[in-house]
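Quick notes on the structure that follows.
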Amino acid sequence: MSRFTIPRDIYFEDNALEVLRTFEGKKATLVIGGGSVKKNGNLNRIQEHLAAAGIETEVLEGYNTEPTAKMVKEGAEEMRSFAPDWIIGIGGGSAMDAAKAMWLFYEHPELSFEDATKPFELPRLRQKAKFAGIPTTSGSGSEVSNLSVVADEKTNVKYPLADFGLTPDIAIIDPVMVEDLPKHIAAYTGMDAFTHTIESYVAKPRTLYTNILALGGAEVIKDNLKASYNGDHEAGKQMHSIQAMAGMAFANAVLGNVHSLAHKSGPTFDIPHGYANAIYLPYVIEFNRAVVEDRYAEIARRLHLKGQTDKELTDSLVEYIFELNKDLGLAVTLEEFGVPEKDFEEHLDTMAQNALSDPCTGTNPRETSFEQMKDLFKASYYGKEALVKG
């Protein structure tokens, strides 16, 4: 038996924010990232819509970096004093993930962080509040996913909190939220979405539903990512919608080693999540092609890349990703990103061990050993695909 879970309602395209006027409730906690959503007037717009629905709001802000267990537990404590019946995450993946985790600990203050990291074993939610996600970037898919990535501040290791109960009740995907998206954020959030389509298409739990979303998503991203990065408004609207479809694919098919590597190295070297995915993606394809080359070839066909055989098409996909990263102003190795070799070597074994235990490794299409995980890190640092072939 397979399962496919997404928000009950998804509102998208122009004026989607107006659905907030139909919300039923008394209080809403709005969890936001940095100040941009305040400066551009969107936070005020959201509060006005909720006020029209008779809903009082409080704002928790500053969640513009990947949340820690300490941060979300403190946020949940603030929520308990306000007692909202709606929690609304507004921002990129960090803000929405923080809001989801706060929701969990708001409803279950007795829950330990260790227990929260056990995949698909969370206690029942919606005893106190419902959840809505409003993305301000085009990549994370957190507004439609069952995941919240939270770091243990003691170890600086990220853990995906995973449970179908974490899937938002409502997603509101309004392009007005990304009209002023900076180029560099468009680049690495767009690559995050692209990675979601590729990893979900080859992940072990993939299904017919996720396959269709992943392939279609990859095609639309190829057609629009660079144009969006270069300021094309219509391409930006397309990216904002399609990243949610990529999110639906990975939320139900899960992911693979690209995300495992990113989760366990991003905080160590201060690499934004989507940027880390962009670096690791071609090297993981080289590693996984030994068992799913036919599926990578199918992605390449949908992207109209060159090649006749599965090998030629997969080669073209790897080369396309390298070139795409360069076109988006992104580094193609950890070394080029600026990670000092001494620091890389110092953390290599720990990162590899942590990546090996990441939940995404379990759904990667190819089984991965500790030494192979180290080789993936080394290949991504030095730019040597040969290290991960075979």
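The values are calculated or read from the model by the stated rules, or taken from the named source; none is laboratory data. Everything numeric in this text was worked out from a predicted model, so none of it was measured. Every residue, glycine among them, receives a Cβ derived from its backbone with ideal geometry; neighbour counts consider all protein chains shown. Each accessible area value is taken on the protein alone, full model and side chains, heavy atoms only, with ligands, DNA and RNA left out. Shrake-Rupley method; radii C 1.70, N 1.55, O 1.52, S 1.80 Å.
Comparing Gly91, Gly25, Gly33 in a Gaussian network model of the chain (Cα springs below 10 Å), the most mobile by mean-square fluctuation is Gly25. In the full protein context, the stretch 94-209 carries 33 Å² of accessible surface per residue, based on a 1.4 Å probe and ignoring ligands, DNA and RNA. Suppose each label sits 7 Å from its Cα in the direction of the beta carbon; what would the Asp169-Phe370 distance come out to in nanometres? Modelled inter-label distance: 4.6 nm.
Look at the dipole of the chain built from charges on Cβ: of Thr155, Asn224, Ser142, the Cα furthest out on the positive end belongs to Ser142. Is the C-alpha gyration tensor of the stretch 127-169 telling us rounded, prolate or oblate? Criteria: a/c under 1.5 is rounded; beyond that, a/b larger than b/c is prolate, otherwise oblate. Oblate is the answer for the stretch 127-169, as a/c is 1.5 or above yet b/c matches or exceeds a/b.
Grab the other residues whose beta carbon is less than 14 angstrom from that of Asn44, score K and R as +1, D and E as -1, and report the net.
Neighbourhood net charge equals +1.
The stretch 200-272 and the stretch 324-390 have Cα centres separated by 19 Å. Each helix, a run of at least 4 DSSP H residues, gives -39500 (n - 2.57); summed and divided by the residues of the chain, these come to -17500 deg cm²/dmol at 222 nm.
Applying the criteria of a DSSP loop state and at most 15 other Cβ atoms within 10 Å to the GluC sites (Glu not before Pro) of the stretch 177-227 yields Glu179. In loop segments of the stretch 313-387 as defined by DSSP, the GluC sites (Glu not before Pro) with at most 16 further C-beta atoms inside 10 Å of their C-beta are Glu367. Rounded to the nearest 10 degrees, the inclination of helix 42-52 to the longest alpha-carbon principal axis of the chain is 40 degrees. Here the extension length gained between Glu234 and Glu74 equals 53.7 nm, from 0.36 nm per residue of separation less the Cα-Cα distance.
Take Asp14: with every protein chain present and a 1.4 Å probe, its accessible area is about 90 Å². Quick check: from the Cα gyration tensor, does the stretch 1-155 come out rounded (a/c under 1.5), prolate or oblate? Taking the square roots of the gyration eigenvalues as a ≥ b ≥ c, the stretch 1-155 is rounded.
For Ile172, the shell of other residues with beta-carbons less than 10 Å away shows a net charge of -4, using +1 for Lys and Arg and -1 for Asp and Glu.
In this Cβ point-charge picture (+1 for Lys and Arg, -1 for Asp and Glu), the stretch 1-85 has a dipole of about 160 debye about its Cα centre. Close amide H contacts of Val157 (hydrogens built in the peptide plane, cut-off under 5 Å, sequence separation of 5 or more or a different chain): Asp152. Take the stretch 5-49 with all the other protein chains still there, run a 1.4 Å probe, and you get 57 Å² of accessible area per residue.
Among Asn40, Asn277, Asn211, the largest mean-square fluctuation in a Gaussian network model of the chain, built with springs joining Cα atoms closer than 10 Å, belongs to Asn40.
Looking only at Asp192, Asp270, Asp180, which one moves most when the chain is put into a Gaussian network model with springs between Cα atoms under 10 Å? Result for the chain, Cα springs under 10 Å: Asp270 fluctuates most. Overall, the chain carries a charge dipole of about 600 debye about its Cα centre when +1 sits on the Cβ of Lys and Arg and -1 on the Cβ of Asp and Glu, all other atoms neutral. Classify the stretch 220-332 as rounded, prolate or oblate from the Cα gyration tensor: take a ≥ b ≥ c as the square roots of its eigenvalues, call it rounded if a/c is under 1.5, otherwise prolate when a/b beats b/c and oblate if not. Rounded.
Of the whole protein surface, Ser112 contributes about 40 Å² of accessible area at a 1.4 Å probe radius. Given the alternatives (1) 0.99; (2) 0.93; (3) 1.36, Cα Rg over 2.2 N^0.38 Å as computed for this entry is given by (2).
Here the simple spin-label model places points 7 Å from the Cα toward Cβ, and for Phe120 and Thr5 these points are separated by 0.9 nm.
Take every pair of alpha-carbon atoms less than 8 Å apart whose residues are at least six positions apart; their mean separation over the length of the chain yields a relative contact order of 15 percent. Shown for the chain: the carbon plus sulfur share of the solvent-accessible area, taken with all protein chains present and a 1.4 angstrom probe, equals 47%. Label-to-label distance for Asn40 and Glu346 is 3.8 nm, based on points extended 7 Å past Cα in the beta-carbon direction. When you filter the chymotrypsin sites (Phe, Trp or Tyr not before Pro) in the stretch 117-177 for DSSP loop state and at most 14 other Cβ atoms inside 10 Å of their Cβ, you are left with Phe120.
Maximal additional length on extending the Glu56-Glu13 stretch stands at 12.9 nm, based on 0.36 nm per residue less the C-alpha distance.
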